[in-house]
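This report concerns only the one structure given below.
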Amino acid sequence: MKYTFQDSTELPVQRDFIQDLQDFIRVSQETIPLEKSIIEIKQGNINETALSQQRIDEIEKFQKEVTDYIEERVRGTESEEILEIKSKTIETCASIALLKKNERLEDIDRQNRLTLIEVRQLEDRVLSTLSPFFENCIYGAEDTYYASTEDRKLKGWQVSSVDNMRYEFGLNFIQDTLKVEDLQKLILPVRSKSGFLSKEGKVKKMDVSGFHITNIESGKNNTRVVLEDKDAENRFIISADDRTFLVMHGDHEITGDEKLAPAIDRDNLYMFMKKVKDFFTASVVFKGLRLIQIDGKNAVEENMLFDCLKLIASIYGELVRECIDRGYTKGEITIKMEEPGSVRTEKYISKSEASRELSSIGPEGVELVGILGVSDTRQI
């Protein structure tokens, strides 16, 4: 599918921008009220905690006043009976005060636990709602993929960033373990000792096809993979970009060894590294958004989700303005779509519709309308 503006100029992002814009409006409508609910629950808990703390302070004040009063009343008294009554009265007052304070502290603890449960449930809903959108619809994001073996199970994650926003997905793979041979056969040259008491190093070709892949890091320009045999006696680290690669065997650099470097099957190694990179698209069975950060802070926990939506709106707003500038109707955001060998079709959303849908959210939605540039100003 090919995507263009209405004047047939290609879109800078080859995606159905109208659908992405509609999805952005939808997730904004769903997540902004959720964030408001989270804020209300947290504030309610703060208020309840403050009220309970006020009651505790009142109990402590009353206990002190009673104690001071009794002490003052018996000052100078030498009667053992009166002094015994004083002591037991103060002790009883302190005991009951402690009991009531503990009840209030239990109330605070119980309220905190309930609030935490409610907030976590809503935060999970926010992340699950945003997950499909963040997976495909954040333009200009730079993605880095990771996989590592933990407790003999392969686990993965994806870290993406755009401007001052960073977000992370957890990845589940088809298989729990990964060996070199799951991708292809691979042989690497190593130094070996030969002969009785010989110090001469010779070139030996080691079949590493049965090695486990224990760590992967794959970014836009570089992929790094760690291979280990069963007993971790042999460990290879391979790093590659589009033009060069580096191969380490333990602390020895194979690619810098004048005897070993010529023995590397470069085409085979490049093919292997490409399959390692492709592993993150071919073998991921589940991808779930688990963290969003903005300015280094957890956007969901710190109630900064709206800041993230404003950032996305600013990215989308640039494309909205170009769609309008290159379109024939200033009140509509229009793109063209063309499949190979088929007629072009147009898809659009009116500014008034986008503005109406977002404004229904409240002040936050009105602010997004302005950032996107879809204010419903009638053309004269």
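The values are calculated or read from the model by the stated rules, or taken from the named source; none is laboratory data. Bear in mind that the values here come from a model prediction, so they are computed numbers and not experimental data. When we count neighbours, we look across all protein chains shown, and the Cβ atoms used for this are built from the backbone with ideal geometry, even at glycine. Accessible surface areas use protein heavy atoms only, side chains included; no ligands, DNA or RNA. Shrake-Rupley method; radii C 1.70, N 1.55, O 1.52, S 1.80 Å.
Among the residues of the range 6-53, what is the count of those that are open to solvent by 20 Å² or more (accessible area, probe 1.4 Å) and aliphatic (A, V, I, L, M)?
Matching residues across the range 6-53 total 6.
Those residues that are among the basic types (K, R), at pLDDT 95 or above and assigned to a helix (DSSP H, G or I), I need them from the range 276-316; list them, please.
The one that is among the basic types (K, R), at pLDDT 95 or above and assigned to a helix (DSSP H, G or I): K310.
Out of the residues in the range 161-178 that are under 21 Å from D278 (Cβ atoms) and of a type in the set (A, V, I, L, M), state the one that is surrounded by the fewest Cβ atoms within 10 Å (Cβ to Cβ).
Among those residues, the one meeting the criterion is I174.
Being surrounded by fewer than 16 Cβ atoms within 10 Å (Cβ to Cβ) and at pLDDT 95 or above narrows it down to one of S87, S128, so name that one.
Exactly one of S87, S128 is surrounded by fewer than 16 Cβ atoms within 10 Å (Cβ to Cβ) and at pLDDT 95 or above, namely S128.
For the range 153-257, list the strands (runs of 3 or more DSSP E) that sit wholly inside it and hold at least 3 residues that are at pLDDT below 95, among the basic types (K, R) and over 30 Å from the mean Cα position of the chain (by Cα); which are they?
201-207
Quick one: in the range 58-84, of everything that is open to solvent by 100 Å² or more (accessible area, probe 1.4 Å) and assigned to a loop (DSSP other than H, G, I, E, B), which residue is nearest to L105 (Cα to Cα)?
It comes out as R75.
Name, by its number, the condition in (1) under 20 Å from F133 (Cβ atoms); (2) in contact with a strand residue (DSSP E or B) (Cβ under 9 Å, 6 or more places away or on another chain) that does not hold for I324.
Condition not satisfied by I324: (1).
List the pairs whose first member sits in the range 352-377 and is more than 24 Å from S37 (Cα to Cα), whose second member is of a type in the set (D, E) and at pLDDT below 95, and whose Cβ atoms are under 7 Å apart, counting only residues at least 6 apart or on separate chains?
That search, which allows pairs on different chains as well, returns S352/D376.
Return the pairs, sorted by first residue and then second, in which the second residue is outside any strand (DSSP E or B), the first residue lies in the range 142-155 and is open to solvent by 100 Å² or more (accessible area, probe 1.4 Å), the beta carbons are less than 8 Å apart, and the residues are 6+ apart or on different chains.
So the pair list comes out as E142/G219; E142/K220; R152/D176; R152/T177.
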